[in-house]
1. If you wrap a convex hull around the Cα atoms of segment 1-139, how much volume per residue is inside, in Å³?
2. Per residue, how large is the accessible surface of segment 590-634? Use a 1.4 angstrom probe and give square angstrom.
3. Let me check I have the definition right: for segment 397-489, take the eigenvalues of the Cα gyration tensor, multiply each by 5, take square roots. What are those semi-axes in whole Å, largest first?
4. Can you tell me the Rg and Dmax of segment 654-753, counting just the alpha carbons, in angstroms?
5. Can you list residues whose amide H is under 5 Å from N558's amide H, if they're 5+ apart or on another chain and H is modeled 1.01 Å from N?
6. Can you tell me the equivalent ellipsoid semi-axes for segment 463-526? Use √(5λ) from the Cα gyration tensor, largest first, whole Å.
7. Ignoring ligands and nucleic acids, what accessible area does W669 show with a 1.4 Å probe (Å², nearest 10)?
8. Among Y330, A386, G169, whose Cα projects farthest towards the positive end of the dipole of the chain, with charges put on the beta-carbon of Lys, Arg (+1) and Asp, Glu (-1)?
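The values are calculated or read from the model by the stated rules, or taken from the named source; none is laboratory data. The shown structure was predicted, so the numbers you read here are calculated from the model rather than taken from an experiment. Heads up, the Cβs are rebuilt from the backbone with ideal geometry, glycines too, and the neighbour counts pull from every protein chain shown. Side chains included, ligands, DNA and RNA excluded: accessible areas come from the protein's heavy atoms. Shrake-Rupley method; radii C 1.70, N 1.55, O 1.52, S 1.80 Å.
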Amino acid sequence: MPNAEYAQGSVICSAGEPFRQLMIITKGNAQTSFCGQTFTLGQGDMIGLNALLEGSHSLTYTAATAVTIFTLPYEDISSLEALFREKEDIANVVVNSMVRQLATYLEHHGSLKSEAVNVYETVTSIHPQYEKMCETFGYTAKKLPMLTTVVEPTEVDELSSWVNEYYKGISELEPPVIKAFFSKFGISFGFMQFGSEELARSLSAIKHYQQYLESVSKVLLNPAGFDLLSLFTELHIEAATISGGDASVTAAITPLISTLSNMRYIEKDKLQARLATYNEHLAASRGGNKPVNTGGAEKQNLQDSVGIIIAYAGLPEDDANKFARIVQEYTKLTDRGSSEDVAHRLRRELTNMFNEIYKAVFLNSLKDPAIPTIVKMFLNFGYVDAALAGHENADYLYSIADSIGGDPARGIYTAYEWLMAVYQGKKEPCRNEFDMDYTAYVLDLKQQKRFDDKEEQRLLNDKMGKLMFEIDQIFPIVNKLTFGRITTFCPVLSDNNIQRGLEASLITPDSIFESLKEIRDIDFGAYFRETAYTNPEIGINRESVNVEILPEVILMPNVGVRGIMWQEIEGRKRTTKARMFAPLFLLIDLKPLLVRLTGEFRWEMCKRVQGSRWQDITEPSLTSEYSDYLQFYRTNRDLSAEIKADVKQQLTRARNNYKAVFVANYTDWILAEANGSPRLNKFARKLLMTYCTFAAPIRENLVQNPQYAEPLKRFNFQIQQREHHLSRVIQKLKQTGHEVPKELVAEIEFVKK
């Protein structure tokens with residue numbers, strides 16, 4: 001039988017390769033790495049035992065030294081059966097290798113399992129202690145959403161509890177005993193089959209525990225700095241001066257630090273750095289004792305919130321005193337939404353000062369790696385004072401302030417995250433209320449002779465200039481618009497505006513995406529844009545394709561009732577994302593709001609595509625046909641007198657704004673008509689079926705309904721033509737030996753929606 005030679009460092013076999021030969025090491029060492037652990041195989045070990053039944057290697061093996069390997073052909077498990085019957089000595093070698101490898105992998109499995117169970121028990125037992133101590137010492141406990149990911153680690157482990165000890169026991173037997181026991185073919189061959197299965201299960205379990213521990217390590221010690229350790233260290237530093245606080249937190253945090261120190265997936269240098277900072281601050285905090293604050297409604301970590309925010313902003317003393325005084329006066333008002341002069345004056349003064357303080361606080365936060373929680377509450381919620389916000393509301397906001405966030409990867413931002421993205425150059429500023437973007441704004445200033453060409457070029461690339469444009473020209477007006485009640489607007493969080501629980505009002509990225517998905521499941525083309533695809537190399541000069549581009553949603557720091565479709569594209573490129581604004585805390589249902597914004601987007605995107613001809617009926621489009629329908633409804637012979645009266649009422653309610661009428665109709669289209677509940681007249685229904693067509697499952701349900709039959713018949717004919725055309729293009733590409741571009745594959749999938 002042939003021997004194979006491998007130089008040190010060379011690859012013997014790779015994961016994914018077919019398992020076509022038995023490989024037994026006769027000289028040297030090989031090794032494989034799995035889940036961060038290196039396993040070494042020596043003389044007499046067989047490579048790839050876990051692949052006996054799988055048919056392909058799941059691990060990559062390399063030569064740790066110069067290696068000589070004895071090989072035998074292998075087709076399937078029957079090859080092993082024949083070998084074991086004919087060659088007892090090779091059977092003994094292979095069985096011994098299986099015993100050793102199982103013992104090694106299972107020992108590692110047991111170690112990881114023990115660590116995972118210990119970590120789980122530590123986390124689930126220690127967090128309730130944190131909440132109890134916060135209550136005892138008068139602090140608001142912070143929520144740690146990541147705790148929901150910490151589940152029982154052994155639930156998906158398919159290895160029986162006795163397996164580890166069983167194979168370990170066999171490996172500890174004397175070689176003659178093992179040889180004698182496995183000398184019978186039935187025992188050795190059966191052992192190899194069961195052993196290969198257990199080996200595969202052990203590798204799967206090892207991978208599970210490795211992923212589990214890596215995940216849980218981020219709950220205990222997160223690179224972002226908000227984790228279980230930070231909850232305890234922050235509480236310890238604060239409570240160290242309270243009688244009994246130091247000893248209580250020390251007793252709870254000690255096992256947590258011990259667990260962290262022994263976890264294999266914790267970065268020890270980062271842990272030591274965090275502990276050094278903690279010990280430094282703790283030493284500075286320890287001193288005299290102070291009584292526990294249990295008598296008042298305000299928690300100790302919320303006291304003097306206004307002072308903390310003012311100090312962080314670095315306001316001059318006169319301005320600081322003025323802002324604190326105005327907040328106090330506003331808090332004392334019996335009706336903060338009153339139209340009386342006093343309330344109106346206080347709201348106006350607070351608004352002016354809030355915007356300037358927000359700017360100062362944001363700029364100072366840019367160079368602060370550890371922004372105080374109260375400051376985060378100000379930036380994300382507009383919070384300034386516990387009494388003004390309501391003590392229960394302030395407690396809740398404090399509990400979520402360190403974990404609140406959007407999902408920038410999916411286009412969802414808090415106001416703070418959005419401003420940071422603009423400052424970092426990841427996003428261009430929005431257009432201002434005059435529909436002027438930052439570039440146009442700079443060019444306008446230049447035309448006013450404010451600066452020369454050199455300064456123009458500097459400003460066009462000035463990240464601070466872009467940030468100031470966004471903060472000064474977009475943030476204040478959008479914050480006011482999303483609040484929704486313009487005459488009583490005040491940007492500071494006040495409990496008189498909180499008409500339902502903050503937790504129930506909080507908009508999350510998941511809730512936005514779920515609502516958008518529900519809308520897109522009805523109006524499948526809502527966020528698709530038509531663009532041109534060209535590929536002359538394969539004979540495609542120009543083909544229209546549709547691509548889906550979901551909007552960006554920025555959540556403003558207020559409790560409001562209104563969403564804003566701010567801009568349909570960024571700059572001039574039609575395949576950029578739309579931008580929408582909404583309150584972080586929404587007092588109405590989210591889905592109807594997003595339906596309305598989607599309708600507005602459809603209208604504005606059509607106007608953008610059509611340009612100056614958006615009302616030209618000779619070029620059919622959503623806006624031109626809808627405008628024609630509303631402009632000439634009185635002379636439309638297809639409309640009855642009753643329907644004409646209804647259209648007149650719609651226009652009156654919309655103040656003769658065609659877009660507003662369309663959006664109202666679109667809302668009925670998505671929320672009612674999609675469920676087979678008629679709300680629109682037949683002319684509006686025909687236009688919406690043409691330009692905002694329902695997805696295939698809904699069309700199938702409505703095809704028998706006579707009110708939808710005609711527009712559906714027309715749409716289905718157009719779809720059949722389009723699908724036929726694409727099929728011909730794809731067939732031609734295949735016949736000429738070209739690979740079908742993913743753009744065309746996606747387009748035919750879009751057509752079938």
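1. Roughly 137 Å³ of hull volume per residue.
2. Working: 1900 Å² over 45 residues.
Averaged over the residues of segment 590-634, the accessible area is 42 Å².
3. Numbers: eigenvalues 167, 64, 20 Å².
Rounded to whole Å, the semi-axes are 29, 18, 10.
4. Just the Cα atoms of segment 654-753 yield Rg and Dmax of 17.3, 59 Å.
5. Residues meeting the criterion, in which the H sits 1.01 Å from N, are L584, F585.
6. 27, 22, 12
7. It works out to around 0 Å².
8. With unit charges placed on the Cβ atoms, the residue in question is Y330.
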